[in-house]
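Everything on this sheet refers to the single structure shown next.
Values in this text are rule-based calculations from the coordinates and carry no lab data. If you're wondering where the values come from, they're calculated on a predicted model, not measured in any experiment. Glycine also receives a Cβ, built like all others from the backbone with ideal geometry; neighbour counts cover every protein chain displayed.
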Amino acid sequence: MQKKMAYSFPDEVLEQVFSFIQSDKDRNAVSLVCKSWDEIERWCRRKVFIGNCYAVSPRMVIRRFPEVRSIKLKGKPHFADFNLVPDGWGGYVLPWIAEMAGAYPWLEEIRLKRMVVTDESLELIAKSFKNFKVLVLFSCEGFSTDGLAAIAASCKNLRELDLRESEVDDLSGHWLAHFPETCTSLVSLNISCLRSDEVSFSALERLVGRCPNLRSLRLNRAVTLDKIANILRRAPQLVDFGTGYYAAELQPDVFSNLAGAFSSCKELKSLSGFWDVVPAYLPALYSICPRLTSLNLSYATIQSPDLIKLVSHCPRLQRLLVLDYVEDSGLEELASSCKDLQELRVFPSDPFGAEPNVSLTEQGLVAVSLGCPKLRSVLYFCRRMSNAALVTIAQNRPNLTRFRLCIIEPKTPDYLTLEPLDVGFGAIVEHCKDLRRLSLSGLLTDHVFEYIGTYGKKLEMLSVAFAGDSDLGLHHVLSGCESLRKLEIRDCPFGDKALLANAAKLETMRSLWMSSCAVSFGACKLLGQKMPKLNVEVIDETEPPDSRPESCPVDKLYIYRSVAGPRFDMPPFVWTMGEAVRILH
Amino acid sequence: MEGSVGCDNDLNLRATELRLGLPGTEPVSIVRSNKRSLQQVADDDCGVNGCKSDDQNETAPPPPKAQIVGWPPIRSYRKNNIQTKKNESEGGGIYVKVSMDGAPYLRKIDLKIYSGYPELLQAIENMFKFTIGEYSEREGYKGSDYAPTYEDKDGDWMLVGDVPWEMFITSCKRLRIMKGSEARGLGCGV
């Protein structure tokens, strides 16, 4: 019956129907319906997302999806952000570019996260894809402005060049001049991560001036405050703007010029940058504040009173990133002024100081949870927390989807009762039924993991540090969290038992990271042998794991599912656990 | 492959240890040893000398506030940003008052411009025209009537030179060059 239905539509019609289906999940589901749908779907799939570049090989992707126009790849595990993954671990994009250069001549978009990108890769991109439009390098590294010059020079229809948070060898600001005068297609340019103090400002100005569709522009620190007005006047249609330096001696003409320039940007909704802010220049923003939905002040070392003044002008704010200079008082103001707030991130201004330098406590977060009914996503660094506060937050905000709390000192107990924070985090997972991402901190026993396993049914990503008492903790998570995709653990007493007992679970997840835990080398080998669809990588920079007894714990362990088998680009300090006797290296 | 008695190169661990982090950053001391001392590991059937943590580490008190790799979880570029801010926001320096017993007025110096104790003490010597003497951990400053002291964040008067330089400049609130019997009392390992 169903077969008849499938054949009753010509392929072109099905293709047309499928073209309305954009989500990867849905596309994957479509391809499972029947062989013919699979066949039609794979020929018209234009976008591919590969969450782990080692889960599949470039050739396999190309074989299955021959007509891809847009690819998104992620490389290193998340803990690489905190220097836990040694340099040279992997995540190289060059092999992918090399294969796609031949197979996808019409590739338009490449989006990479945590990958190693070389100038050679960039030059290959510039050469190979005639209709290249979008390059997003999120937290990447390994390239220089020379590679960017190649992209700028060759990509005639470039729409997006976004280098957010990447580490770039900034050799000279001159690369901007490589954009030909004929390039007018830019929609988004983010160079905020470039660290040098030179930028070819005139080239930048001209580029901005000739791209009428430019919507998003994020400058770097090299652009001084007095130059901002010039840029803005050339691009009044901007929706998202990242300032450079926002500090200068207060001069009335500079101020009024700046204020005027900002007020001419009627579409501006999002601001970021703000390195070195002089508070006296903040009122220049007041005219656009009522429209602002996103504000990133996480580099701005301005104090609470100035922050409060600014924030109180932004009633439509949906997203705020800020340093803990905001203090509890600032967050209370935020809670009363910004009823549309959905996302809040509070970063520490003095993370390595022994004592608190600001008055930011759990109270600030409680206030926001009470006052902002749409709050969904939280990242909060603080120095003390209580179960009572966490329970209150959970009850106030059951709509939370992301909750990442970092109490700066590891194993800090509830400051009121001195008990572990199990109950508090338990309340979070119990009440917030749509919680997808959770990061734990503070003093925690196996109980918290019991709560998480019981209630965290939608949890996709969990980050754990300095927590738990025994394997039971890990077992609760692996056996209970049905939606778990990514689990990252450091410095916890989790060992072999839970891991081996839940080996099958690991094939349903993207990856598991465990460092400074208690998983033995023997268990890693066993896992590697028994589970051919997992790559079990042992990372140890000091000595090979087999130079010690098998019962010794490994330093770092990264397990991920893969249909590509073990990789062969590993550095000397990474071993993949493999077949019975030998260790692949 | 086999044959090693324990999984610790306990004697020379520090010397051969690779450390994580960019060159030029402060060395990180405890992480590797910390993980060995986990309860779980101690309970494992690792064999006689197996995976017990470094003995030295178990009995010695933990060093004060050593940084843990990757904690708190902040991206490097943020950390770098904070560091730059700290250096800049202090107006480019950490100015502290320096008083000398018997001197009619105080001076102020910028601790940031010195890279270590020798330069600082040399500068103070030049400023007040005196000599401080040789520093030793055991006996403080010998060979002089003077002892350089500082008031720390807790309000205690400490002998200059005992703590690492970086810790000193962040905790020093003011300096005082003590003279005479008071000074000798401080310096003599009593």
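Summary value for the range B:95-182: 32 percent relative contact order, contacts being C-alpha pairs under 8 angstrom separated by 6+ residues. Note on the range B:95-182: Lys pairs 8 or more places apart or on different chains, Cα atoms under 14 Å apart, count 8. Shown here for the range A:176-258: GluC sites (Glu not before Pro) in loop regions (DSSP other than H, G, I, E, B) with at most 10 other Cβ atoms within 10 Å, namely A:Glu181, A:Glu249.
Short-range pairs are left out: with C-alpha atoms under 8 Å and at least six residues apart, the relative contact order of chain A is 6 percent. Reported to the nearest whole Å, the Cα centre-to-centre distance from the range A:381-401 to the range B:93-119 is 46.
Take every DSSP beta bridge with both residues inside the protein assembly as shown and express the antiparallel ones as a percent of the total, to the nearest 5.
Numbers: 34 of 110 bridges.
Here the share of antiparallel DSSP bridges comes out near 30 percent.
Tally Lys and Arg at +1 and Asp and Glu at -1 over the other residues with C-beta under 14 Å from the C-beta of A:Lys47: what net charge comes out? Net local charge, A:Lys47 excluded: +4. Here the protein assembly as shown is treated with +1 on each Lys and Arg Cβ and -1 on each Asp and Glu Cβ, and its dipole about the Cα centre works out to around 3180 debye.
If you take every residue apart from A:Ser185 with its C-beta less than 11 Å away from the C-beta of A:Ser185, what net charge results, scoring Lys and Arg +1 and Asp and Glu -1?
Around A:Ser185, the charge tally is +3.
Checking the Cα-Cα distances for A:Lys25/A:Lys130; A:Lys339/B:Lys79; A:Lys72/A:Lys486; A:Lys47/A:Lys533 against a 21 Å cut-off, the pairs over it are A:Lys25/A:Lys130; A:Lys339/B:Lys79; A:Lys47/A:Lys533.
Dipole orientation for the protein assembly as shown: of the candidates A:Thr301, A:Pro356, B:Leu121, A:Thr301 has the Cα lying most toward the positive pole (charges on Cβ; Lys, Arg +1; Asp, Glu -1).
Positive contributions from Lys and Arg (+1) and negative ones from Asp and Glu (-1), summed over other residues with Cβ under 10 Å from the Cβ of A:Ala280, come out at -2. Dividing the summed -39500 (n - 2.57) terms of all DSSP H runs of n ≥ 4 by the residue count of chain A sets its mean residue ellipticity at 222 nm at -9000 deg cm²/dmol.
Counting only DSSP beta bridges with both residues in the range B:95-182, the antiparallel share comes to about 80 percent. Each Cα pair under 8 Å and six or more residues apart adds its sequence gap; the mean of these over the residue count of the range A:164-219 is a relative contact order of 47 percent. Sort all Cα-Cα distances of the range A:386-433 into consecutive 10 angstrom bins from zero, then give the percent of pairs in each bin up to the one containing the longest distance. Taking all Cα pairs of the range A:386-433, the binned fractions are 29, 54, 17 percent. Each pair of Cα atoms in the range A:402-500 enters the Kirkwood radius, and Stokes-Einstein at 10 °C and 1.306 mPa s then converts it into a translational diffusion coefficient of 121 µm²/s. Projecting the Cα atoms of A:His174, A:Ala103, A:Phe425 onto the charge dipole of the protein assembly as shown (Cβ charges, centred on the Cα centre) puts A:Ala103 farthest toward the positive pole.
Compactness ratio of the range A:264-348: Cα Rg over 2.2 N^0.38 Å, N = residue count?
0.96
Only aspartates and glutamates eight or more places from A:Lys156 in sequence, or on another chain, were considered; those with a Cα closer than 12 Å are A:Glu108, A:Glu181. Cβ-to-Cβ counts within 10 Å put A:Cys524, A:Cys193 in ascending order as A:Cys193, A:Cys524, the fewest first.
Rounded to the nearest 0.05, the FRET efficiency derived from the C-beta distance between A:Trp43 and B:Tyr105 at R0 = 60 Å is 0.10.
Of interest is the spacing of the C-alpha centroids, which for the range A:352-370 and the range A:78-100 amounts to 35 Å.
Quick one: Cα centre-to-centre distance for the range B:161-179 and the range A:167-237, in angstrom? The range B:161-179 and the range A:167-237 have Cα centres spaced 46 Å from each other.
Using the Kirkwood radius built from alpha carbon pairs, what does the Stokes-Einstein equation give as D for the protein assembly as shown at 20 °C and 1.002 mPa s, in µm² per second? For these conditions, the coefficient is 73 µm²/s.
Considering every alpha-carbon pair of the range B:95-182, the percent of pairs per 10 Å bin, from zero through the bin containing the longest distance, is 17, 58, 25, 0.
Across the range A:269-275, rounded Karplus estimates of 3J(HN,Hα) from the backbone phi angles (6.51 cos²θ - 1.76 cosθ + 1.60, θ = phi - 60°) give 10, 9, 10, 8, x, 6, 6 Hz, Gly and Pro being marked x.
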